[in-house]
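One structure is given below, encoded as structure tokens.
Just so you know, all these numbers are worked out from the coordinates, no wet-lab data involved. Computed from a prediction, not measured in an experiment: that's the story for all the values here. Cβ sites come from the backbone with ideal geometry, for glycine too, and all protein chains shown count toward neighbours.
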Amino acid sequence: MGLSFTKLFSRLFAKKEMRILMVGLDAAGKTTILYKLKLGEIVTTIPTIGFNVETVEYKNISFTVWDVGGQDKIRPLWRHYFQNTQGLIFVVDSNDRDRVVEARDELHRMLNEDELRDAVLLVFANKQDLPNAMNAAEITDKLGLHSLRQRHWYIQSTCATSGEGLYEGLDWLSNNIASKLVSKIYVGNRDNVFGVCKLHFPYLQMGTGNISHLQFETQI
């Protein structure tokens, strides 16, 4: 039957390390998100010129999160961080309607890079506490996420200052990186593995993705 369930689950449920790249336009809230996850509090931030890197411990997972500055002059440097990235967090200022097209263009430019072909995509629709913020469905449309037919993605509404939505996003990210591991090591018994793993990974999706509480179909 191939790899035994015992060996499979020992690999799945052992402490996991995941390399995550977090990018987005300047002032989207990336550094605030990073340190809210790391420290559980809001820190005073200045525009990130280079990068911040922190290890975030959550449940049974150690996330190494690279927060790379988003100013237009340094965005070409993003590609230097693509290698070995398992999950991409793209942070959007939901209140910045003037630059959402610019955000879309930068996102799709990145996703065309070969080094990110296997990375799952989590979009944080940040600053949902602001009165004129676009909701997740509107940002999904503005970013053209439905066109990502070969990418497993999810959009999560967040507020970095309160922490709302951040851990729900990490849950999805960890579960779906794990689902790619399941697919690779137990392809011949995919349905059986999915049925058991669903008990442990409630957000686990194989063949579908989520838009907050909205459903869509895609391919992985």
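Scan region 55-62 and give yes if some residue there is over 24 Å from Cys159 (Cβ atoms) and not basic (Lys, Arg), otherwise no. The answer is yes, given that some residue of region 55-62 is over 24 Å from Cys159 (Cβ atoms) and not basic (Lys, Arg).
For region 97-135, a tally of residues being of a type in the set (Phe, Trp, Tyr) and either outside any strand (DSSP E or B) or farther than 25 Å from Arg79 by Cα (or both) returns 0. Can Leu166 be described as touching a helix residue (DSSP H, G or I) at 6+ places or on another chain (Cβ under 8 Å) and of a type in the set (A, V, I, L, M)? For Leu166, the condition - touching a helix residue (DSSP H, G or I) at 6+ places or on another chain (Cβ under 8 Å) and of a type in the set (A, V, I, L, M) - is met. The set of residues from region 59-76 being surrounded by 15 or more Cβ atoms within 10 Å (Cβ to Cβ) and touching a residue at least 60 places away in the same chain (Cβ under 8 Å) comprises Ile61, Phe63.
Selection of region 54-96 for residues being more than 23 Å from Gln128 (Cα to Cα), part of a loop (DSSP other than H, G, I, E, B) and charged (D, E, K, R) yields only Lys59. Restricted to region 28-52, and to residues that are surrounded by 13 or more Cβ atoms within 10 Å (Cβ to Cβ) and more than 18 Å from the chain's Cα centre (by Cα), which residue is farthest from Glu106 (Cα to Cα)? Among them, the one singled out is Ile42. Residues in region 53-80 that are under 16 Å from the mean Cα position of the chain (by Cα) and of a type in the set (S, T, N, Q): Thr55, Ser62, Thr64. Scanning region 136-187 for residues that are in a helix (DSSP H, G or I), in contact with a strand residue (DSSP E or B) (Cβ under 6 Å, 6 or more places away or on another chain), more than 22 Å from Asn60 (Cα to Cα) and hydroxyl-bearing (Ser, Thr, Tyr) yields a single hit, Thr140.
Number of residues in region 25-44 that are of a type in the set (A, V, I, L, M) and in a helix (DSSP H, G or I): the value is 4.
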